[in-house]
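All of the numbers you see were taken from the coordinates with simple rules; none came from a lab. Nothing here was measured: the structure is a model prediction, and the numbers come from that model. So basically every Cβ, Gly included, is an ideal-geometry build from the backbone, and we count neighbours across all protein chains shown.
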Amino acid sequence: MRRSAFTLLELLVAAIIAVMVIAGSGLAYESAITTQARHAARVEQQNRITKLEDRLTTLLQSAVLPIENENPAGYFILNALSGSTTQSGQRLVFSAFGDRVRWDALRSDEDFETQNQRYGTLGGLAEVELGTETIGEGTPQEGLLVRSQRPADGDPTQGGEQEVLSADVTSLEFEFYDGANWITEWDTQTQTTKRLPAAVRVTYLLDGEDQNRILVVRLPESDVTLENPLTTDGGDE
Amino acid sequence: MSRRAGRRRGSAFIFVLATVVGLVALLAGLASSQRTDIRAASARSQALRSKLLIDSAVARALAELSIIEEGAPTLLSDEWAQLGTQGDQDFVVGRDRFRMQIVDASSQIDLNAAPREQLERLPMTTEQIDSLLDWRTTETTPLAEGAKDDFYNALSTPYNTALRNFETLDEILLVRGFTAKRFYEPQTDVQTSVVLVSGSQDEQPSLSDLFLIHTGGPNLNDQGAAKTDANTGNIQVPGIPPAVALAIQGARPITTYSQMLNLPGVNTQVAEAILNNLAPNANPRQAGKINLNTATEAVLNSVPEMPADAAQSILSRQSTGFTALGELTSIPGLTGPALAAVADYFLVHSDTYLVRVLAQVGGKRTAAEILVRVEGGLPRVLQRWTPPDEDPRIRWNWQDETTSEVVLKEDSQ
């Protein structure tokens, strides 16, 4: 009896189907991997932007002015350092408050001096500066930089430590809502009664992008409102 | 079945198996990546929801504070004091909830106003007292156990002495001798000269329970009008005899009630009239004073020369309340020199409040404290900060569980 076997045609059809299935699977796999990589990159980019904007929001919302108007350690100033505006952007310096006391300090039995050595300074008003320029004589850094000093010492131009908040930011600009308009200047040193803007609009550009991004942050400690704008405060503007 | 046919079928099985394994691996990779993204998004969502809950609580508190009757004394029976039933009520917003409490800031001791005699009655070391006074005063020479720039400039992370009032409560952590643990937890190793709270040493308050900042209120009489400055013009006030009025004019400059109450001819009735109608300065706002109506037992006992019985009498009167400072004269034991010694510490009208909020999203709690001042009927946030402990229920004297709830928004799920 003759043994049954595949015909050439059957083998060809089977081979073509197998090739089509393998090729289809391969293409689908490659497409899935590419899509996944693209998606991951987009998510990563979005996460970086979200993290940056969350941090910026937290920093700006910590802005506070001293209750005593004469206290020199409180300010909110755009471009405090003379001639600091560069092509790459501006710098905004302000006094800030509200950080939580670190939990390890709360549990530490070490004395005051030892804790100062271990944790640095705790409590009080801090001075925060946002900008794209390196302050002082350290190695120049690029991106959005944040300088912080605790306690705020009344000199808004220098002091403290500077770190990179985002290396992707190539330019940075600030605008301030005065209760009626968005204005491009804010300097509590020239105000009779120091006041915070109702909101800050941050316009920034990321490396590799050709369109600015905009972040608007409301300042909860501001008393500037539509009914009580800056312009009514004895000509402070 | 032949062996070759079996091998062919085996190859097909292996091919299908490999394909399935590949697809499963791909799906598993995608799922893992998605899970990480979802977790990150969920954490951010929780943080945002917590923030919104706290903002909601603050808005609710500001609304309550905006309807305080101008010129009325600050009482524990006021509506603002009942909001959230001292933290024992849950405000439910969908799946989330928050608890809140409004506290009169003047129920506590002002960090900038407390004199040495008052600080010495608190659980503080001499080093802490001297250093605190050195921090806020302009002299450049330190007290015996205090610290000025010479000390702070020599620290590993150096800075200068403020030489001015504290701006924030936690600024005290910059002052020599005040570590976070010593400020936020009871200093059980420091004995006090008086018993601040009846009970054992373990039940004594921490310094953070006693101090606050920017306390005070308007200088008003029982009609809600500004008191007369004892330093200006003729003092023609009902209840103050001409002889006493002349004595007050002769004693100018007047800076304290004590000066006026110790003048000859001042009996209990005259003392009441002085406290009700005159002010020892022209300041429209009395900063750093303690409110008779809301002060805690520990704070009342911290007032120098305050008789313990008088402190208890004041506490028992808080349910009905003091409508004018002169009612201090009705407290047994507070007459003559004893009254003169304590009168300058108190007021009955407050303008600054502390809002405590504890938001709960899922299993995570987020706390916030917000200092609010009401001026001209308009409440304004002065400062907001995050308490050092994630769950401050014990420090705030809140129960673990709430006793009632208000549903602001039903859970739609």
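When B:L52, A:L226 are sorted by how many other C-beta atoms sit within 10 angstrom of their C-beta, beginning with the fewest, the order is A:L226, B:L52. Proximity of backbone amide H atoms, modeled 1.01 Å from N, is registered between B:G216 and B:S106, B:G288, B:K289, B:D351, B:T352 at under 5 Å, excluding neighbours fewer than 5 places apart on the same chain. Stokes-Einstein diffusion of segment A:124-182 at 10 °C, 1.306 mPa s viscosity, Kirkwood radius from Cα pairs, rounded to a whole number: 124 µm²/s. For chain A, the Stokes-Einstein estimate of translational diffusion at 20 °C and a viscosity of 1.002 mPa s comes to 99 µm²/s, using the Kirkwood hydrodynamic radius over alpha-carbon pairs.
Note on chain B: GNM, Cα springs under 10 Å; of B:L163, B:L111, B:L122, the largest mean-square fluctuation is that of B:L163. What aspartates and glutamates sit close enough to B:K289 to cross-link, taking a C-alpha to C-alpha distance under 12 Å and skipping anything fewer than 8 places away on the same chain? Filter leaves B:D104, B:D110, B:D344, B:D351.
Magnitude of the charge dipole for segment B:174-220, about its Cα centre and with charges confined to Cβ atoms of Lys, Arg (+1) and Asp, Glu (-1), is about 260 debye.
In this label model, B:D150 and B:A12 are separated by 9.7 nm, measuring between points 7 Å along each Cα→Cβ vector. Converting the Cα gyration tensor eigenvalues of segment A:89-141 into ellipsoid dimensions via √(5λ) gives semi-axes, longest first, of 29, 15, 8 Å. Once Rg and the Kirkwood radius are both taken over the C-alpha atoms of chain B, their ratio Rg/Rh works out to 1.20. Put simply, the amide H of B:L347, placed in the peptide plane, has neighbours under 5 Å in B:I290, B:N291, B:L292, leaving out anything fewer than 5 places away on its chain.
Along the axis of the charge dipole computed for the protein assembly as shown (Cβ charges of +1 for Lys and Arg, -1 for Asp and Glu, origin at the Cα centre), the listed residues A:A73, B:V342, B:I248 are led at the positive end by A:A73. When the inverse distances between all different Cα atoms of segment B:12-85 are averaged and flipped, the Kirkwood radius reads 17.6 angstrom. Projected onto their three principal axes, the Cα atoms of segment B:122-161 cover extents of 29, 21, 15 Å, largest first. Annotation note: trypsin sites (Lys or Arg not before Pro) in segment A:51-149 located in DSSP loop regions with a Cβ neighbour count of at most 16 within 10 Å are A:R100, A:R102.
Each label point is 7 Å from the Cα along the Cα-to-Cβ direction; what then is the distance between the points at A:D54 and A:H39, in nm? Between A:D54 and A:H39, the label points sit 2.1 nm apart. Here chain A is treated with +1 on each Lys and Arg Cβ and -1 on each Asp and Glu Cβ, and its dipole about the Cα centre works out to around 1780 debye.
Per residue, chain B reaches -10500 deg cm²/dmol at 222 nm when only DSSP H runs of four or more residues are counted, each adding -39500 (n - 2.57). Can you tell which of B:T141, B:V93, B:S131 lies farthest toward the positive end of the dipole of chain B, using +1 and -1 charges on the Cβ of basic and acidic side chains (Lys, Arg; Asp, Glu)? Checked the options; the winner is B:V93. Rounded, prolate or oblate: which fits segment A:102-237 when a ≥ b ≥ c are the square roots of the eigenvalues of the alpha-carbon gyration tensor, with rounded for a/c under 1.5 and prolate only if a/b beats b/c? Oblate shape, in that a/c is at least 1.5 and b/c is the bigger or equal ratio.
Percent of Cα pairs in segment B:136-276 per distance bin of 10 Å, from zero to the largest separation: 9, 24, 20, 24, 19, 3, 0. Shape index of segment B:326-370: Rg/Rh, with Rg the Cα radius of gyration and Rh the Kirkwood radius from the inverse mean 1/r over Cα pairs, equals 1.39.
Here A:N69 and B:A28 are evaluated by their C-beta separation; at R0 = 60 Å the FRET efficiency comes out at 0.45.
Rounded, prolate or oblate: which fits segment B:163-221, taking a ≥ b ≥ c as square roots of the Cα gyration tensor eigenvalues, rounded meaning a/c under 1.5, else prolate when a/b beats b/c? Oblate, since a/c reaches 1.5 and b/c is not below a/b.
Taking every alpha-carbon pair in segment B:9-136 and binning the separations at 10 Å intervals from zero gives 9, 19, 15, 19, 12, 8, 7, 5, 4, 1 percent. Temperature 37 °C, viscosity 0.692 mPa s: under these conditions the Stokes-Einstein estimate for the protein assembly as shown, based on its Kirkwood radius over C-alpha pairs, is 113 µm² per second. Over segment B:245-366, the ratio between the Cα radius of gyration and 2.2 N^0.38 Å evaluates to 1.28. Between A:R118 and B:T85, the modelled labels are 4.2 nm apart [label points 7 Å from Cα along Cα→Cβ]. If you model segment B:336-413 as an ellipsoid using its alpha carbon gyration tensor, with each semi-axis the square root of five times an eigenvalue, the axes come out at 35, 18, 14 Å, biggest first. Ranked by how many other Cβ atoms sit within 10 Å of their own Cβ, fewest first, the residues A:D187, B:D189, A:D111, B:D351 fall in the order B:D189, A:D111, A:D187, B:D351. The convex hull built on the alpha-carbon positions of segment A:8-114 has an orientation-averaged projected area of 16.5 nm².
Going 7 Å from the Cα of A:D207 in the Cα-to-Cβ direction, what parts of segment A:118-148 have a backbone nitrogen less than 17 Å from that spot? Counting only backbone N, you get A:131-134, A:139-146.
The Rg/Rh ratio for segment B:84-149, using Cα coordinates for both the radius of gyration and the Kirkwood hydrodynamic radius, is 1.29. Ordering B:S316, B:S131 from the fewest to the most neighbouring beta carbons within 10 Å gives B:S316, B:S131.
Convex hull volume per residue, computed on the Cα atoms of segment A:52-170, equals 128 Å³. For A:S171, the amide hydrogen comes within under 5 Å of the amide hydrogens of A:L205, counting only partners 5 or more places away or on other chains and with H modelled in the peptide plane. When a/c is below 1.5 the answer is rounded, else prolate if a/b is larger than b/c, else oblate, so apply that to segment A:26-68 with a ≥ b ≥ c taken from the square roots of the Cα gyration tensor eigenvalues. The shape class here is prolate. Of all DSSP bridge pairs formed entirely within chain B, close to 75 percent run antiparallel. Multiplying the residue separation of A:T193 and A:R107 by 0.36 nm and subtracting their alpha-carbon distance yields 27.0 nm.
Only Lys, Arg, Asp and Glu carry charge here, each on its Cβ (+1 for the first two, -1 for the last two); on that basis segment A:165-225 has a dipole of about 300 debye about its Cα centre. Counting only other chain Cβ atoms within 10 Å of each residue's Cβ, the peptide A:97-103 averages 6.
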